[in-house]
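Engineer: I am attaching a structure below and will ask some questions about it afterwards.
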Amino acid sequence: MTSRERLVDAGLAGVVLVAAEVAILAGREPGSIPRNWFAYVLGGVMAGAILLRRRNPLVEVYLVGAALFVYYAIGYPGFPPAVVLAVPMYDAAYAARTARAVPVPLLLLTTGVVVSLHKGTTPLDAVDIFLPQYALVAVAVLLGALVRSRQALAAQSQERLKAAAAEQQREAERRLVEERLRIARELHDTVAHAISTITVQSGTALFMLDQDPDKAREALTAIRRTGKEALGEMRSTLGVLRSQGEPAVSPENDAGLSRLPALLDAVRAAGLDVEVESRVSALPEPVDHAAYRILQEALTNVLRHAGADARARIRLEQTGDALEVEVLDDGTGPSGAGGGYGLKGMTERAAALGGQVETGAVPGGGFRVRATLPVPDSGGER
């Protein structure tokens, strides 16, 4: 209990003490015995019980009731019991102990009514005397219940606000993780493709440097073009990391199937024979981007693992509400080999759109990558 709470309890006890002692002093009742020191001690007990209001409000109520019962039983001049019962009954209602505390004021007030009628008080006068007492106790109980209800409602609202804030934090963290994974995939696809293509093209340039300088020059030109494109994509991706808000142009906006001819030129310049079969309508941007990245990663794997004489065939076919992307090679090595993140990244891209990726070796040699991507809407022929 804080010092402020102790101060409030002491103040309430003082108010009840003054009210009880004044009521005892002002009491007038025919046939009662004179007040003495013990009557005022009982008033002090009624006030001292208030100090238990936070620890045990039921004990507070019953202690005040017991002191009142002793006071009336001795025969001291009576006074309205609600004067000292109001605060304990408020505390009991506030602590949700109303049902177990209500018998105390009911017993004392009802006994007072019976005794008054027995002494000759008319029923109308008895109602006039005791009805305000019942009303005061009822108001104290209702006020305690109301304050308890309001505080419980405020606590529930606070809990909901905390829960909402925690949910927002979790959502922000989830979005951050997703964004980091997306950027990691972008960087992997960009760098892996560029490095693999440049490695093969530089080997071709070295081999043809003396035998066919023109062919070597073409390879070096292709290396330069591939490097510039990779740097541009990396700057765009890193710009997302540096920006404080939403970037005006996301890297996904400039990497779609419209860049497929440039991708084919790069891998063909590296020596890979590629055939393309395409029946694709206009695609939504996320599907367009994912299809291009899957093709890019699959062709990069062919360059890296399928062997020098490998050939690849690309099939793009849109049927109904799905786009099928297939890259099939006839290489001597497994195009899906290695412990990198390429195949995992393709799977994640497809799963983010509700699609799937199937990879595996082909009987007789070669490797197949087949992705199925849902297409919500389709436009005209591409």
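Engineer: Which residue out of E179, E167, E171 is within 19 Å of the chain's Cα centre (by Cα) and open to solvent by 70 Å² or more (accessible area, probe 1.4 Å)?
Structural biologist: Matching residue, one of E179, E167, E171: E167.
Engineer: For segment 215-246, which residues satisfy the criterion of being of a type in the set (D, E, K, R) and either in a helix (DSSP H, G or I) or modelled with pLDDT of 75 or more (or both)?
Structural biologist: K215, R217, E218, R224, R225, K228, E229, E233, R235, R242
Engineer: Got a sec? Which of R54, R35, R28 is farther than 26 Å from L117 by Cβ, of a type in the set (K, R) and not in a helix (DSSP H, G or I)?
Structural biologist: R54
Engineer: Of all residues being within 38 Å of the chain's Cα centre (by Cα) and open to solvent by 40 Å² or more (accessible area, probe 1.4 Å) in segment 282-305, which is farthest from G342 (Cα to Cα)? Just the residue, please.
Structural biologist: Per the stated criteria, the residue is A282.
Engineer: Search segment 344-374 for residues being assigned to a helix (DSSP H, G or I) and touching a strand residue (DSSP E or B) at 6+ places or on another chain (Cβ under 6 Å), and hand back the single one that is farthest from E297 (Cα to Cα).
Structural biologist: Here the answer is A350.
Engineer: Any residue that is of a type in the set (F, W, Y), modelled with pLDDT of 90 or more and open to solvent by less than 80 Å² (accessible area, probe 1.4 Å) - is there at least one of those in segment 130-153?
Structural biologist: Yes, that holds for at least one residue.
Engineer: Open to solvent by less than 40 Å² (accessible area, probe 1.4 Å), in contact (Cβ under 8 Å) with a residue 12 or more places away in the chain and over 20 Å from A145 (Cα atoms), is that true of G44?
Structural biologist: Answer is yes for this residue.
Engineer: Right, next: So for segment 105-119 (the condition being open to solvent by less than 50 Å² (accessible area, probe 1.4 Å) and free of Cβ contacts under 8 Å to residues at least 24 places away in the same chain), does at least one residue qualify?
Structural biologist: Scanning segment 105-119 turns up at least one residue that is open to solvent by less than 50 Å² (accessible area, probe 1.4 Å) and free of Cβ contacts under 8 Å to residues at least 24 places away in the same chain.
Engineer: Might you check whether a residue that is within 30 Å of L176 (Cα to Cα), open to solvent by less than 40 Å² (accessible area, probe 1.4 Å), at pLDDT 85 or above and in contact with a Leu (Cβ under 8 Å, 6 or more places away or on another chain) occurs anywhere in segment 264-281?
Structural biologist: No: segment 264-281 contains no residue that is within 30 Å of L176 (Cα to Cα), open to solvent by less than 40 Å² (accessible area, probe 1.4 Å), at pLDDT 85 or above and in contact with a Leu (Cβ under 8 Å, 6 or more places away or on another chain).
Engineer: Follow-up. Since I50 meets every condition but one in (1) open to solvent by less than 30 Å² (accessible area, probe 1.4 Å); (2) closer than 30 Å to G120 by Cβ, which condition does it not meet?
Structural biologist: Unmet condition: (2).
Engineer: Does G339 satisfy the condition of being more than 40 Å from the chain's Cα centre (by Cα) and either at pLDDT below 80 or surrounded by fewer than 18 Cβ atoms within 10 Å (Cβ to Cβ) (or both)?
Structural biologist: Criteria not met by G339.
Engineer: I need the full set of residues from segment 1-14 which are hydrophobic (A, V, I, L, M, F, W, C), touching a residue at least 40 places away in the same chain (Cβ under 8 Å) and either part of a helix (DSSP H, G or I) or within 16 Å of P88 (Cα to Cα) (or both), in order please.
Structural biologist: Listed by number, the residues that qualify are A10, L12.
Engineer: For segment 45-78, give me each residue that is closer than 19 Å to A10 by Cβ, modelled with pLDDT under 90 and out of contact with any helix residue (DSSP H, G or I) (no Cβ under 8 Å at 6 or more places or on another chain).
Structural biologist: Matches in segment 45-78: R55 only.
Engineer: May I ask you to list the residues in segment 17-41 that are of a type in the set (D, E, K, R) and open to solvent by 60 Å² or more (accessible area, probe 1.4 Å)?
Structural biologist: R28, E29, R35
The values are calculated or read from the model by the stated rules, or taken from the named source; none is laboratory data. Keep in mind it's a predicted model, so treat the numbers as computed, not measured. Here the Cβ is made from the backbone with ideal geometry for all residues, glycine too, and neighbour counts use every protein chain on show. These area figures cover heavy atoms from the full protein model, side chains too; ligands, DNA and RNA do not enter into them. Shrake-Rupley method; radii C 1.70, N 1.55, O 1.52, S 1.80 Å.
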